[in-house]
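The values are calculated or read from the model by the stated rules, or taken from the named source; none is laboratory data. What you see is a predicted model, and the numbers here were worked out from it, not measured in a lab. Cβ: placed from backbone, ideal geometry, glycine included. Neighbour counts: every protein chain shown. Remember, those area values only see protein heavy atoms, side chains included, never the ligands or the DNA or RNA. Shrake-Rupley method; radii C 1.70, N 1.55, O 1.52, S 1.80 Å.
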Amino acid sequence: MTTSRETSVAATVAALSDIVGPQACLTAADDTATYTTDYRKLYHGQAIAVVLPANTDEVSRVMAWCYQHDISVVPQGGNTSLMGGAVPDASGNAVIINLKRMNRVLEVDAVNDTMTVQAGVTLHAARAAAEEATRLFPLRIGSEGSCQIGGNLSTNAGGTAVLRYGNMRDLVLGVEAVLPDGRIYSGLRGLRKDNTGYDLKQLFVGSEGTLGIITAAVLKLMPLPRASSVAFVAVANPAAAVSLLGEAKKTAGQSVTAFELISRPALDLVLAYLGGMKSPMEGAHDWMVLIELTSGSAAESLDQTMVQVLEAGMESGLVLDAAIAASGADAQNFWRIREEISDAQTRTGGSIKCDVSVPLSRIANFIAEASAAVLALEPSARMVVYGHMGDGNVHFNPLRPADRDSKEFLAAHYKTISHAVDSLAHAAGGSISAEHGIGVAKRDDLARFKTPVELELMWQIKRALDPKNLLNPAKVLPAQ
Ligand code: MLT
Ligand code: ZN
């Protein structure tokens, strides 16, 4: 005997297969497993089906069908969310729409300095297409080979070049998105000036797939850097790093492209994880920064500018030691150390990921206070603290003591430590999620840190676009 649920699941699968083709409507557990679990394997869900549409029209028809039949939809790009934002819950009542087949670069307009891409284009492919036209698409994050432009937009991704170029919100000119009921918002305009009322595209940016599914976008392109200098620098403490950043901006102006903080436990962890790789500097230092200067002019000698910044820093006692990359390979190795910190933590397990931002003027104090609070709770925690200091964004990620089981450490400390860190960031005028978003991981915390008016407005916007609450339900917005 078949139940009514089985009948409706079968009807859904048949209807969706009809729209996208049976090959692009996955239902077998073996086929859906990589889509129902996040890449860190922390969030496990189930789905009626995973559909892989080939174009916007198919996305629209799938959405319209699901809307008419009250079926939830979870949009998904490269599934690299750190917050459980792109996988369904365990009910098995949702359909996943994964955009990976919509992976075409539609146009590169080198005169307008824009490119139009489908949402499933990986960040790596977008950057490569821009480079082919001697342009830069400046978003730079470690997961660029897997993450997709749609996901980058829907999470307002940041990364290591925000200091110079801004985050995804700043890098987008136009968006096409499918609304929960299947209607298409067509905003694929490549305009730097367009004051015609509400900026609707920005509603979809950073909303983590709760208001619509981004299917294509017009992105800004920049001149390709022609000169660069990269240095690994030991500083006395985070306050010295902030002062050094101020000095670097004074001397190198806009050329300061990245300014990344790395604590010693973060460096130790990544060097252990990478094997053969060595620290760029001889001595052991508690705090380091990775500085990158770039310029669109090949005539500029940025190594000279870097030396000037570092010499002044040494004289004033801000800089303890420094290594300037002597080659492209050196620069790549410096960057590799920084970019592998995330994976090194995933491999080790037992990392409490807090992604906070505070005004630069208060960041050093915040790091001191948050470190003291964590160490009071767990004196042997490894203080993996790193991130985009130039943007006031710290990945403050206390890690389990080496001899402690990961699950047991998280069970004992996840809530208390993340609440302590978030509360201190909030008290310092900061945010509990600088660039990783909210997903499910931080959803309930939002209720503590947003004002009632902010939460009410968020829900009013959600209800206006998604009155049945079907799109990426139970993500971002805390229950009312
Ligand atoms: C990073 O800056 O490495 C990323 O935000 C990822 C992470 O912190 O895990
Ligand atoms: Zn980051």
Quiz prompt | Conditions (1) in contact with a Gly (Cβ under 7 Å, 6 or more places away or on another chain); (2) within 16 Å of ligand 2 (Cβ to nearest atom): number failed by Arg400 | solution = (2)
Self-check item: Conditions (1) over 15 Å from His419 (Cα atoms); (2) within 12 Å of ligand 2 (Cβ to nearest atom); number of the one not met by Ser357
Solution: (1)
Exercise. Taking the residues in the stretch 146-162 that are within 13 Å of ligand 1 (Cβ to nearest atom) and over 22 Å from Val440 (Cβ atoms) as candidates, determine which candidate is most open to solvent (accessible area, probe 1.4 Å).
Key: Val162
Exercise. Inspect the stretch 413-429 for any residue being among the β-branched types (Val, Ile, Thr) and in contact with a Ser or Thr (Cβ under 9 Å, 6 or more places away or on another chain) and give the result as yes or no.
Key: no
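Given the condition on the phi > 0 side of the Ramachandran plot and not acidic (Asp, Glu), answer yes or no: does some residue in the stretch 216-234 qualify? Break it down stepwise before answering.
From the stretch 216-234, those on the phi > 0 side of the Ramachandran plot are none; that's our starting set.
No: the stretch 216-234 contains no residue that is on the phi > 0 side of the Ramachandran plot and not acidic (Asp, Glu).
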Quiz item: What is the one condition in (1) over 23 Å from the mean Cα position of the chain (by Cα); (2) within 22 Å of Ile262 (Cβ to Cβ); (3) surrounded by fewer than 16 Cβ atoms within 10 Å (Cβ to Cβ) that Ala427 does not satisfy?
Solution: (2)
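What is the residue count in the stretch 58-89 for residues that are more than 16 Å from ligand 1 (Cβ to nearest atom) and either within 20 Å of Ala119 (Cβ to Cβ) or within 24 Å of the chain's Cα centre (by Cα) (or both)? Steps first, answer last, please.
Filtering the stretch 58-89 down to residues more than 16 Å from ligand 1 (Cβ to nearest atom) leaves 58-76, 87-89.
Checking which are either within 20 Å of Ala119 (Cβ to Cβ) or within 24 Å of the chain's Cα centre (by Cα) (or both) leaves us with 58-67, 72-76, 87-89.
Matching residues across the stretch 58-89 total 18.
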Exercise. Out of the residues in the stretch 35-57 that are open to solvent by less than 30 Å² (accessible area, probe 1.4 Å) and out of contact with any strand residue (DSSP E or B) (no Cβ under 6 Å at 6 or more places or on another chain), state the one that is farthest from ligand 1 (Cβ to nearest atom).
Key: Pro53
Self-check item: Top-ranked residue of the stretch 78-112 - restricted to ones that are assigned to a strand (DSSP E or B) and charged (D, E, K, R), ranked as most open to solvent (accessible area, probe 1.4 Å)
Solution: Glu107
Quiz item: Are there any strands (runs of 3 or more DSSP E) wholly within the stretch 113-223 with 3 or more residues that are at pLDDT 95 or above and not hydroxyl-bearing (Ser, Thr, Tyr), and if so which?
Solution: 114-118, 172-178, 213-220
Quiz item: So how many residues does the stretch 114-134 have that are closer than 24 Å to Ile213 by Cα and open to solvent by 10 Å² or more (accessible area, probe 1.4 Å)?
Solution: 7
Self-check item: In the stretch 12-34, the residues that are closer than 17 Å to Gly92 by Cα, open to solvent by less than 70 Å² (accessible area, probe 1.4 Å) and touching a residue at least 24 places away in the same chain (Cβ under 8 Å)
Solution: Thr12, Val13, Leu16, Cys25, Leu26, Thr32
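Is there a residue being closer than 27 Å to Trp459 by Cα, assigned to a strand (DSSP E or B) and out of contact with any Ser or Thr (no Cβ under 7 Å at 6 or more places or on another chain) anywhere in the stretch 246-262?
No, the conditions are met nowhere in the stretch 246-262.
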Quiz item: Across the stretch 452-480, which residue is nearest to Lys201 (Cα to Cα) among those that are open to solvent by 70 Å² or more (accessible area, probe 1.4 Å) and in a loop (DSSP other than H, G, I, E, B)?
Solution: Pro467
Quiz item: Tell me, which helices (runs of 4 or more DSSP H) wholly within the stretch 302-402 include 3 or more residues that are open to solvent by 40 Å² or more (accessible area, probe 1.4 Å), touching a residue at least 60 places away in the same chain (Cβ under 8 Å) and among the charged types (D, E, K, R)?
Solution: 328-339
